[in-house]
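Data block below; observations after.
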Protein chains: 4
Amino acid sequence: MVKVGLIGFGYWGPNLVRNFASADNCQVKMVADFRIDRIANISRLYPGVEITADPLDIINNKDIDAVIIATPVFTHFDLAEAALKNGKHVLVEKPMTSSTKQAETLLNIAEQRNLTLMVDHTFLYTGAVDKMKELIEGDSIGKVKYFDSTRINLGLFQPDVNVLWDLAPHDLSILFHLVPYKPVSVNAVGISHTSNQIENIAYLTINYENDFIAHFNCSWTSPVKVRSTLIGGDKKMIVYNDLEPSEKIRIYDTSYNHQNDEEKNRIMVDYRIGDVQIPKVSTKEALASVAKDFIQSILQKKQPIANGQLGMDVVRILEASQVSIKNLGKQINISK
Amino acid sequence: MVKVGLIGFGYWGPNLVRNFASADNCQVKMVADFRIDRIANISRLYPGVEITADPLDIINNKDIDAVIIATPVFTHFDLAEAALKNGKHVLVEKPMTSSTKQAETLLNIAEQRNLTLMVDHTFLYTGAVDKMKELIEGDSIGKVKYFDSTRINLGLFQPDVNVLWDLAPHDLSILFHLVPYKPVSVNAVGISHTSNQIENIAYLTINYENDFIAHFNCSWTSPVKVRSTLIGGDKKMIVYNDLEPSEKIRIYDTSYNHQNDEEKNRIMVDYRIGDVQIPKVSTKEALASVAKDFIQSILQKKQPIANGQLGMDVVRILEASQVSIKNLGKQINISK
Amino acid sequence: MVKVGLIGFGYWGPNLVRNFASADNCQVKMVADFRIDRIANISRLYPGVEITADPLDIINNKDIDAVIIATPVFTHFDLAEAALKNGKHVLVEKPMTSSTKQAETLLNIAEQRNLTLMVDHTFLYTGAVDKMKELIEGDSIGKVKYFDSTRINLGLFQPDVNVLWDLAPHDLSILFHLVPYKPVSVNAVGISHTSNQIENIAYLTINYENDFIAHFNCSWTSPVKVRSTLIGGDKKMIVYNDLEPSEKIRIYDTSYNHQNDEEKNRIMVDYRIGDVQIPKVSTKEALASVAKDFIQSILQKKQPIANGQLGMDVVRILEASQVSIKNLGKQINISK
Amino acid sequence: MVKVGLIGFGYWGPNLVRNFASADNCQVKMVADFRIDRIANISRLYPGVEITADPLDIINNKDIDAVIIATPVFTHFDLAEAALKNGKHVLVEKPMTSSTKQAETLLNIAEQRNLTLMVDHTFLYTGAVDKMKELIEGDSIGKVKYFDSTRINLGLFQPDVNVLWDLAPHDLSILFHLVPYKPVSVNAVGISHTSNQIENIAYLTINYENDFIAHFNCSWTSPVKVRSTLIGGDKKMIVYNDLEPSEKIRIYDTSYNHQNDEEKNRIMVDYRIGDVQIPKVSTKEALASVAKDFIQSILQKKQPIANGQLGMDVVRILEASQVSIKNLGKQINISK
């Protein structure tokens, strides 16, 4: 039985409580939010869950094994560090921290104390990403050549972080989960349409040693909502459209080797080759699997899918992209 | 009556002949292609049109007023220069030339000799682009803030030019036609998946003095064909989807000023604001208007819409983007 | 303050309780379901709500003003009649009853006792239907000429009623809400693919004195889910696609008078005329408005939108359609 | 070498001439149209093709083996009968004739004289229909249970025939080509919105001895163009959307047997079962295959796919549907 406390009861909080409350081998002991009115009636829905305005009531609670941190990004590090130092397992919202250095510190503490450190990259637990993982590892896609993601909508302008920190973590975590190659550098450009100079449109490219490339188009100012990713392999290609209710993944029997001219011409005259497959993907709630993976990782002392290392890799890219934007798109190497 | 000769009878050739043959005040005198078999039976379809294997038969032809050049890019400059120097008006396929310097030379000759120099940026003559021009100049869109274009498909890998030189001229010409601001620099990155190291995927950003930004996503290796552009204004936004048969333009009653928090929150909870309008756009064949504009410009000594200056602006961006790609995405200023 | 009791806590029950519990001037006193386990923990979510296995505990309850009946269709009449005779206002799930005669009886009792009798035709309270009502009454559509509805999906085969009784009430209620004309007869055909001979595919046509026509295509055995309705006027036409998250209503600037041949030809060459408008429609939860209308109708002694008369009109069509199906599609007059 | 003459050079005429002119073992000798100006310059495009205003110049022409009749429906019978009686093979536009009796007469003459009688049901020669035929005969669909077709758009109101005679022949020919069962009766209803009382909206149902059903929704007055057909089998289902440029056929791994309740519930919670397959279909021009089949049938004395029998079956349904409409939707048996 893992006893958990939740710090931060904002937009995502109710979903976290609901899923952890109904998870096996888990008990939600306490929820903390300084906006005490927000959590006043939690105990009515979940008898036995205590509430508090002070995160320390959770972090110092002898009776709590694990802490879920769902507060603004700039607070992740202090809270996670304190929790880990008190011997608590930690699940932190994405992005993990505000800097790679902070992420590294958390990783080290967790490792020294054999504690589970996990980041809530929820998308890694969706049926669609499961299916793409299976396709890529099963080699039906062939050698992966590119990853091209668009995540744009008419969204809230965050007051503290730019659009990449807000939207790209989803796609970056999917990229690192699916593609085994190691990134070596990034290029990023962006623009701000507000006085605070925080970018609301940004374009990020990740470069690799081999001929793989990843590109991310992020915007808070698109009239249309788009959540789509192209993943090209030398055997097949995947189109992942997260807005499709029942057809999120499409697999194209297509490739683009160009040994000979006939091939070239066939491609020219023909704008797709072969069939399209739309596999059925599980529609289970991803957050339930997040809860399960966190609890199982604690109990079985294993690494979760969305582990701290992956969380740090995401932060490293975001950090480098910010440097690139400030340096007019200059290529920034990723120090390791 | 303008008497024209066409040099190069490839994929686009038959469309050029058909449209110029049926244009007012125009007569097609001669077609040249060294692949003589390709043009053998033109005279059957178009009595009175002579054929030749040698472009010089057109360039040196006293009886020809204007020359259409529809040959590979690397031949544009020599043929156009020769034609202009022989006093012929010139319509050249896009991109205009292989370098800004070449484009400048042609512009100068044309100016000195009062000759019409036009580039076949056909998209500028479509009903959809007309409509967008009208919307932007009519100020219903407000101050234009960004231009985000995606032109990807499973296309023929060009042996000589990269994907930007092949696909971006369409979108660049539309950008320069619609948006009055002057670009100051570019960032571009790309990747080649073939041994010849010619990029088949590339991303281009154009930066401006004000807070406007333009981005171009070009690929020959997408499993799906996409031809779409987002144009954001501070009053309304346009989505231009060229693959839609009858709904190419959608206008969104949306904007993103953030004076106050209510606005922010409304945007957050609501993923679009107001109505969508799908205006009817003319479906006339664009190339017929290209022919008309070329002939009218010659007869009335006016500048065509797709004039040499615009053609040169396009080439300047392509040239700078190549430098940026070779310099790992470094920002390249646009020398003027 | 209206005190309500709910009989039947199946699929729709939780939504009913939630919306009535949060409605103004309303208190949910009791929920009855013979599957007592289903309602065991209601009081934990809604303190003060009593539960019972016996509907009579609600119907005979002096302290209850209004009864919501959300049980299988064949039980609607007996429960509603008993409730009305005990002086309770009644909201019954759709379809209202199993026969027009039953519906008439309920209407009469309600009238004699000045009680509110309402049917839960939820769709009449959606933003999309509101908008269509506004468009049609505002005469921007012109004279309505046809109503063509398709409601098909891969659905559960009901064991007791055919696909028309299951799916058509939604569209029939919308038709009667939007179109003022009086139907005079129906034609219906259908097919059963199961041993119980209950139709899983059926087609219904409603005929009118004027040249208006309504058609309904209903199926439980379609591989794709479709929820769309065309409403044609002599000025404009509406396409209502209920599956669209944010573009449920499209208004076409089109009509089909054919006074002259130019018009004909324009229609032939051109596959739509004029613009398309996609108005923003409210996304409020319809069931909240159902609760509000029921409560207001009781307190203000007014007729609700989804009143018993409309509910009876729907049942009359369903009843006649069944006769038509049994008579091989023969036209059945609607006795009034 | 088959020498053909074409009678009627309207909308479809140029396509017929082009395809027959380029077909093997075929020579277009003469084209007849009383609107002589329409055909004046045919010989410029097709040297050697003679023109005439009088169909008899073709029908009585000793040098012509086969006649293509592309005139209004009401003229089909007289021209076809005269041609057959003069020993000519006949390809007639669809619908074949204005009555079953006429069709029968033509069939008899053709049979007696061993002449090929074919109807231009072009859709039977498309890649999409080929693919569906292959799927159904290959039994991957299982036992076919229903055929539900929608063919609506904003179309020209025909002055002489109603919307079923105009649009349904396409779908009826596909039905008869794909589904082996024999129809036994029809029900049809329709409405006219014009003074000439010709139906511009009509609904047709075809009934069979077994539990198969076919339904057709035809309209000239829809704001949106729809060309789609659902074909349900007890193993899989097909959605055929003819407006899709590259995804005309979708195959759903779904079925609806209901042996047990788990199955029922699975269907209820889940709105599709299994994967979707989008096979690549040939994009060859169908009319070229029509020409080829006609010529091959003549030379090899075989029955074409779109033979006279199939053409007559189509007319029989249209004729019965008209009787049903006039009899208020009454079921009309199909006399054989």
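The values are calculated or read from the model by the stated rules, or taken from the named source; none is laboratory data. On a predicted model such as this, the values are computed, not experimentally measured, just so you know. Note that we place each Cβ from the backbone using ideal geometry, even for glycine, and neighbour counts take in every protein chain shown.
Worth pointing out:
- Within the range A:180-195, considering residues that are within 14 Å of chain B (Cβ to nearest Cβ) and part of a loop (DSSP other than H, G, I, E, B), the one farthest from residue A:231 (Cα to Cα): A:195
- Search result, residues across the range A:123-150 that are within 13 Å of chain B (Cβ to nearest Cβ) and in contact with a helix residue (DSSP H, G or I) (Cβ under 6 Å, 6 or more places away or on another chain): A:141, A:147, A:149
- Every residue from the range B:85-144 that is part of a loop (DSSP other than H, G, I, E, B) and surrounded by 18 or more Cβ atoms within 10 Å (Cβ to Cβ): B:88, B:94, B:95, B:96, B:97, B:98, B:115, B:116, B:121, B:126, B:141
- Residue check, residue C:163 surrounded by fewer than 24 Cβ atoms within 10 Å (Cβ to Cβ), more than 10 Å from chain D (Cβ to nearest Cβ) and among the aliphatic types (A, V, I, L, M): no
- Across the range A:225-238, the number of residues qualifying as assigned to a strand (DSSP E or B) and more than 23 Å from residue A:122 (Cβ to Cβ) comes to 3.
- The criterion of being under 30 Å from residue C:221 (Cβ atoms), touching a strand residue (DSSP E or B) at 6+ places or on another chain (Cβ under 8 Å), hydrophobic (A, V, I, L, M, F, W, C) and at pLDDT below 95 does not hold for residue D:136.
- Residue check for residue D:317: modelled with pLDDT of 95 or more, within 26 Å of residue D:216 (Cα to Cα) and away from every other protein chain (no Cβ under 14 Å): yes
- Condition met for residue A:172 (within 26 Å of residue B:328 (Cβ to Cβ), out of contact with any helix residue (DSSP H, G or I) (no Cβ under 6 Å at 6 or more places or on another chain) and in a helix (DSSP H, G or I)): no
- Meets criteria (more than 9 Å from chain A (Cβ to nearest Cβ), over 22 Å from the mean Cα position of the chain (by Cα) and under 30 Å from residue B:74 (Cα atoms)) for residue B:210: no
- Checklist (1) surrounded by fewer than 23 Cβ atoms within 10 Å (Cβ to Cβ); (2) assigned to a strand (DSSP E or B); (3) not aliphatic (A, V, I, L, M) applied to residue C:244, failing item: (2)
- Odd one out for residue C:225 among (1) closer than 27 Å to residue D:191 by Cβ; (2) touching a residue at least 60 places away in the same chain (Cβ under 8 Å): (1)
- Checking the range C:49-56 against the condition returns a match, with at least one residue being buried (at least 18 other Cβ atoms within 10 Å of the Cβ) and closer than 13 Å to residue C:69 by Cα.
- Within the range B:2-15, being touching a strand residue (DSSP E or B) at 6+ places or on another chain (Cβ under 6 Å) and among the hydrophobic types (A, V, I, L, M, F, W, C) holds for B:2, B:4, B:6, B:7, B:9.
- Positions within the range C:104-121 being in contact with a strand residue (DSSP E or B) (Cβ under 6 Å, 6 or more places away or on another chain) and basic (Lys, Arg), in sequence order: none
- Exclusive hit being more than 18 Å from residue C:119 (Cα to Cα) and free of Cβ contacts under 8 Å to residues at least 12 places away in the same chain, set C:60, C:25, C:41: C:41
- Of all residue pairs spaced 6 or more apart or on separate chains, those with beta-carbon atoms under 9 Å, a first member in the range D:106-124 that is within 14 Å of residue D:291 (Cβ to Cβ) and among the hydroxyl-bearing types (Ser, Thr, Tyr) and a second member that is in a strand (DSSP E or B) and at pLDDT 95 or above are D:116/D:66; D:116/D:89; D:116/D:90; D:116/D:91; D:116/D:307.
- Residue that is farthest from the other protein chains (Cβ to nearest Cβ) [pool: residues in the range B:215-232 that are hydrophobic (A, V, I, L, M, F, W, C) and out of contact with any helix residue (DSSP H, G or I) (no Cβ under 8 Å at 6 or more places or on another chain)]: B:226
- Count of the range C:59-81 residues which are among the aliphatic types (A, V, I, L, M) and within 18 Å of residue C:19 (Cβ to Cβ): 6
Residue by residue, here is whether (1) at pLDDT 95 or above; (2) facing chain B (nearest Cβ under 10 Å); (3) part of a helix (DSSP H, G or I); (4) out of contact with any Ser or Thr (no Cβ under 8 Å at 6 or more places or on another chain) holds:
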residue	(1), (2), (3), (4)
A:176	yes, no, yes, yes
A:204	yes, yes, no, no
A:240	yes, no, no, no
A:263	no, yes, yes, yes
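- With respect to the conditions (1) at pLDDT 95 or above; (2) surrounded by fewer than 17 Cβ atoms within 10 Å (Cβ to Cβ), residue A:287 lacks only one, and its number is (2).
- Residue match in the range D:102-122 (condition: in contact with a Ser or Thr (Cβ under 7 Å, 6 or more places away or on another chain) and within 11 Å of another protein chain (Cβ to nearest Cβ)): no
- For residue D:124, the requirement of being of a type in the set (A, V, I, L, M) and in contact with a strand residue (DSSP E or B) (Cβ under 6 Å, 6 or more places away or on another chain) is not met.
- Among the strands (runs of 3 or more DSSP E) confined to the range B:1-71, the ones with at least 1 residues that are within 17 Å of residue B:287 (Cβ to Cβ) are located at B:2-7, B:26-32, B:66-69.
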